[in-house]
């Protein structure tokens, strides 16, 4: 299906519908009505994106959070190894940030991995207050990493890249994240 978008065209195999009553819904009404494939409609854009990415499952098999503690925690969420969340949060608010992300990102299994460096105590205290279980990961060499491939072009923050590395190290046993791990897009 080809949907109009200005002078360009968008080839879609699954359609994420605009919010009901929005100007976008009116603008794309004809294309939406003629679309024959699967459609996703959600008020929460992140949830809609996850449903489209994981169609037809409507959620990830595994959602993994990696935390690089420090003055602020580098937090990364990977759904089936796809980076779906990345942010810096106050370590004392880490537990509530993970709970918020997990409530918006449908997944059958959620795991949390925390690096064992500076800021560890504050980060795990926050997780404990929220009742979130976690595993400790050796974070040596993660913050110095500059990231590689397409990830380094998108995410420039070293603490978030360290969070991604900690998630991969904890959940999948990846020792070092280099260009052989990521596919260029």
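The values are calculated or read from the model by the stated rules, or taken from the named source; none is laboratory data. Predicted, not measured: the structure shown is a model, and the values here were computed from it. A quick note on method: Cβ atoms are made from the backbone with ideal geometry, for glycine too, and the neighbour counts reach across all protein chains shown.
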Boolean, residue 155 is at pLDDT 75 or above, within 16 Å of residue 69 (Cα to Cα) and either within 15 Å of the chain's Cα centre (by Cα) or not assigned by TED's automatic domain parsing to the domain that holds residue 68 (or both)
no
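Look through 147, 163, 133 and report the one residue that is closer than 17 Å to residue 86 by Cα and modelled with pLDDT of 90 or more. Reasoning before the result, please.
Details: 147 fails: modelled with pLDDT of 90 or more; 133 fails: closer than 17 Å to residue 86 by Cα.
Selected residue: 163, the only one of 147, 163, 133 that is closer than 17 Å to residue 86 by Cα and modelled with pLDDT of 90 or more.
So which residues in region 112-132 are part of a loop (DSSP other than H, G, I, E, B) and touching a helix residue (DSSP H, G or I) at 6+ places or on another chain (Cβ under 7 Å)?
Quick first cut of region 112-132, residues part of a loop (DSSP other than H, G, I, E, B) only: 116-119, 130-132.
Within region 112-132, 119, 130, 132 meet the criteria.
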Condition first: under 13 Å from the mean Cα position of the chain (by Cα), buried (at least 24 other Cβ atoms within 10 Å of the Cβ) and farther than 24 Å from residue 43 by Cα. Can you find one or more residues in region 75-92 that meet it?
yes
Within region 1-35, count every residue that is part of a loop (DSSP other than H, G, I, E, B), at pLDDT 85 or above and out of contact with any strand residue (DSSP E or B) (no Cβ under 9 Å at 6 or more places or on another chain).
5
